[in-house]
Amino acid sequence: MNTFKRTTLTGQPSDMEEDTSAIQLRFSAKNGLKSLVCFIALVVIALYVRDSFIRPTFGDVLVVVWLYYFLASMLSMPVNWLVSLVVLIAFAVELGQLLQVATWLGIAPSSPLAVIFGTTFDWKDLLAYCIGGCLCWWMEVK
């Protein structure tokens with residue numbers, strides 16, 4: 001990933017530099033391809049796997065990896081920030097399940113949006129999201 005620098009402005013015209021942003025919009029084909037592969041695996045798991053580990057646990061780990069590479073395909077930002085953002089999004093969705101946000105919003109249980117939001121809160125999902133975040137971090141810094 002790109003590193004970012006911070007500049008100190010002293011007020012002298014020769015020292016004035018434009019501060020570079022830590023977050024930049026750009027497209028990465030490599031991360032886009034990784035995102036696509038993860039998405040296809042998630043769809044296959046959702047449609048064809050009916051077990052007690054792969055779909056609920058591995059699927060939750062993989063959804064964090066997919067979201068990481070999906071965002072990484074469009075945003076250039078430090079790995080730690082992006083991993084943290086993705087895990088926080090996953091936690092927010094899980095909190096939404098705990099609070100039954102989909103029901104409050106009147107989302108039909110059979111709609112695609114209900115599938116995205118999910119319906120059942122589980123503490124183990126939070127652990128799976130953390131594992132997915134650690135996996136993303138490890139894959140990026142190795």
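The values are calculated or read from the model by the stated rules, or taken from the named source; none is laboratory data. Please read these numbers as outputs of a predicted model, since none were measured by experiment. Because the Cβ atoms are built from the backbone with ideal geometry, glycine has one as well, and the counts that use them run over all protein chains shown. Heads up: the accessible areas ignore ligands, DNA and RNA and are worked out on the full protein's heavy atoms, side chains in. Shrake-Rupley method; radii C 1.70, N 1.55, O 1.52, S 1.80 Å.
Could you say whether any residue in the range 65-77 is surrounded by fewer than 16 Cβ atoms within 10 Å (Cβ to Cβ), at negative phi and among the aliphatic types (A, V, I, L, M)? The answer is yes; a qualifying residue exists. Counting residues in the range 122-132 that are open to solvent by less than 60 Å² (accessible area, probe 1.4 Å) and over 16 Å from the mean Cα position of the chain (by Cα) gives one or more. Pairing residues of the range 112-130 that are farther than 12 Å from P56 by Cβ and in contact (Cβ under 8 Å) with a residue 40 or more places away in the chain with residues that are open to solvent by 50 Å² or more (accessible area, probe 1.4 Å) and of a type in the set (F, W, Y), at Cβ distances under 8 Å and at least 6 apart in sequence or on separate chains, gives Y129/F91. Taken together, the criteria exclude A102 from residues that are more than 14 Å from G132 (Cα to Cα), of a type in the set (A, V, I, L, M, F, W, C) and either under 17 Å from the mean Cα position of the chain (by Cα) or loosely packed, with under 14 Cβ neighbours inside 10 Å (or both).
Could you list all residues from the range 21-48 that are of a type outside the set (F, W, Y) and surrounded by 14 or more Cβ atoms within 10 Å (Cβ to Cβ)? The answer is A22, S28, N31, G32, K34, S35, L36, C38, A41, L42, I45.
Could you count how many residues in the range 30-63 are in a helix (DSSP H, G or I) and among the acidic types (D, E)? Here the count works out to 1. Checking each residue in the range 115-138 for being outside any helix (DSSP H, G or I) and not polar (S, T, N, Q) picks out G118, F121, D122.
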